[in-house]
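Values quoted throughout were computed directly from the atomic coordinates according to the rules given, and no laboratory measurement underlies them. Bear in mind the structure is a predicted one, so any value in this text is a computation, not a measurement. Every residue, glycine among them, receives a Cβ derived from its backbone with ideal geometry; neighbour counts consider all protein chains shown.
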Amino acid sequence: MFLSDLHTHTWLSVDGSESVDALCEAALRQGLGAIAITDHWDGFLPGLRDKGYAPHFMDSRDFWKLHGAKLFPEISAARDKYAGRLRILYGVELGQPQFHPAETQEFLASYDFDFVLASQHLNGTCQDYYALDYTQIDPRALMQECFELELQVVRSGAADALAHIDQPVRLMKDIAFDISLNAYRDPIAEILREMAKRGTALEINTHGLRSWYHRVSPPEWVLPLFRDLGGELITTGSDAHRAADVGAGIREARELAGAYGLRAVSYFDRHTPIILE
């Protein structure tokens, strides 16, 4: 079984600290055949870059502009070092591409990425989900809005794969909320239908397996629904921000995809999915 972790972060992410080499060494220890380096680049609504809006990610675009030139040489060096042992993808986790379409297009055109993993990290007022006080908001309304925004992400056309479609669930440990998300079948189905139409892959994100909610993202029931709506491709990602988490839960995610007849992408070559058994 070919295993790949297509969601990892280095020091170039504002919430990461590891080198490319450290992640690659960890990938080999975990028996992976491919790893994607997907550091953050997050778009914002026009005018909402002031302090208080998305403090966790507010400078990721500026951070990339300052340091992005250093990342590809690290990847190139790692490709030489691990040639024949590990496929290393030059990727990006592209947040909210629909918020800044022109800047997003310009950014993507400026880098020779293999893989674009799109995500939604912010709510409708451009506040990071991690910055919200979940005791003071209606979580049901937040999730409804989240899925509306995820649909916009897919419709932006920027994504090779869609990451962690239920991101706010990570922050809901201490509130009364049904994390199965069964109540959101219809908006989730709309996202999946659009993904199937575009050939966008759905990520099985394993972060939750090492967190309080002990499940992958999305919930398992979403996988057969994706298949039934015409979806075919799955990516597996640990969402690792440190080397110790690279590859965590990837075998379980790969087996889960296979159990529902979905095809796990081994890696991407210039945005083309490659599938190896």
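General remarks:
- Listed values [x] 17.4, 52; [y] 18.7, 56; [z] 23.3, 100, entry calculated as Rg and Dmax of the Cα atoms in Å: [x]
- Among Ile234, Ile165, Ile137, the largest mean-square fluctuation in a Gaussian network model of the chain, built with springs joining Cα atoms closer than 10 Å, belongs to Ile137.
- Largest GNM mean-square fluctuation among Leu149, Leu32, Leu108, using the chain with Cα springs under 10 Å: Leu108.
- Order of Trp11, Trp221 - criterion: other Cβ atoms within 10 Å of each residue's Cβ, fewest first: Trp221, Trp11
- Going from the fewest other Cβ atoms within 10 Å to the most, the residues Ser217, Ser156 appear in the order Ser156, Ser217.
- Working note: 222 nm ellipticity from helices only, DSSP H runs with n ≥ 4, each -39,500 (n - 2.57), summed and divided by the residues of the chain, gives -10000 deg cm²/dmol to the nearest 500.
- Count Lys and Arg as plus one, Asp and Glu as minus one, and take only other residues whose Cβ is under 13 Å from that of Ile175; the net charge is then -1.
- Cross-link partners for Lys70 among the aspartates and glutamates, with Cα-Cα distance under 15 Å and sequence neighbours closer than 8 places in the same chain left out: Glu18, Asp21, Asp39, Asp62, Asp112.
- Among Met143, Met1, the order by Cβ neighbours within 10 angstrom, fewest to most, reads Met1, Met143.
- Unit charges at the beta carbon, dipole of the chain: most positive-side option, Gly249, Leu3, Ser180: Leu3
- Environment charge of Leu151, counting only residues whose C-beta is closer than 9 Å and scoring Lys/Arg +1, Asp/Glu -1: -3
- Considering only alpha-carbon pairs that sit under 8 angstrom and 6 or more positions apart, the relative contact order computed for the chain is 23 percent.
- Three-way shape label, the stretch 159-277, alpha-carbon gyration tensor, a/c 1.5: oblate
- Mean-square fluctuations from a GNM of the chain, with a 10 angstrom spring cutoff on Cα atoms, peak among Ser17, Ser238, Ser266 at Ser17.
- Hull shadow area, averaged, the stretch 171-214 [alpha-carbon convex hull, nm²]: 3.8 nm²
- Distance between the stretch 1-37 and the stretch 169-216 - C-alpha centres, whole angstrom: 23 Å
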